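Working notes for the structure below.
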Amino acid sequence: MVEMKITAEPGRSTIIATGVFDAPRQIVWEACTDPELVSQWWGPKSFKTTVEKMDARPGGLWRIVQRDAEGNEYAFRGFFHEVTQPKRLIYTFEYEAMPGHVLLETDTFEDLEDRTRMTTHLAFQTVEDRDAMLQSGMKEEMVEIMDLLEELVESRASQKRAAPAR
């Protein structure tokens, strides 16, 4: 399990989450920008996640759809403001069922040699939007998806270490 620190100070419209992964920064970066990899960790385990768009470049769009066991769909979308490989992603995030409640997400990837510190800064439009997200179970879901991301990046890092040098 990735050790996550999630900070949501009272009266502020932000959430900051930090976790350290036992994988090199490039592998964590790829897991966050490659549509095939994103679909393996983004969202609760009980949902099927489909990445419909993931154009990780400034101005590029993304859209992800999750389906639960009953077939209900939950769609999310946004566009990339900044893509500085492999250091930083800045993009908007909107749950399509609640249009207009857009947040700005900044993910930074800090190189710790064979490990990576990923910090996610979520900036909501209002404190009320931030609090509603927290009350929806977002903290628990964030921990679950970060654990899934950790499994993926650690597996990819192990494969890379085990691969014969060319």
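The values are calculated or read from the model by the stated rules, or taken from the named source; none is laboratory data. Bear in mind that the values here come from a model prediction, so they are computed numbers and not experimental data. Counting neighbours? That spans all protein chains shown, and the Cβs are built from the backbone with ideal geometry, glycine included.
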Exercise for review: Identify all residues within segment 11-33 that are of a type outside the set (A, V, I, L, M) and within 12 Å of the chain's Cα centre (by Cα); write none if there are none.
Suggested key: THR18, GLY19, TRP29, GLU30, CYS32, THR33
Point to revise | Any hit, segment 134-143, residues being within 14 Å of GLU9 (Cα to Cα), at pLDDT below 95, among the hydrophobic types (A, V, I, L, M, F, W, C) and under 19 Å from the mean Cα position of the chain (by Cα) | key: yes
Exercise for review: Would you confirm whether any residue within segment 103-113 is in contact with a strand residue (DSSP E or B) (Cβ under 9 Å, 6 or more places away or on another chain), surrounded by 17 or more Cβ atoms within 10 Å (Cβ to Cβ) and over 24 Å from GLU36 (Cβ atoms)?
Suggested key: yes
Check your understanding: Restricting the first residue to segment 82-105 and requiring it to be β-branched (Val, Ile, Thr), which pairs with a second residue that is in a strand (DSSP E or B) and loosely packed, with under 14 Cβ neighbours inside 10 Å meet a Cβ separation below 8 Å and a spacing of at least six or different chains?
Key -> ILE90/GLU82
Review point. Which condition number does GLY59 fail, the rest of (1) surrounded by 16 or more Cβ atoms within 10 Å (Cβ to Cβ); (2) on the phi > 0 side of the Ramachandran plot; (3) among the small types (Gly, Ala, Ser) being met?
Key: (1)
Practice item. For segment 36-48, indicate whether the set of residues that are under 12 Å from the mean Cα position of the chain (by Cα), farther than 21 Å from GLU96 by Cα, among the hydrophobic types (A, V, I, L, M, F, W, C) and in a helix (DSSP H, G or I) is non-empty. Key: yes
Review point. When only residues in segment 1-31 that are in a helix (DSSP H, G or I) and out of contact with any helix residue (DSSP H, G or I) (no Cβ under 7 Å at 6 or more places or on another chain) count, which is surrounded by the fewest Cβ atoms within 10 Å (Cβ to Cβ)?
Key: GLN26
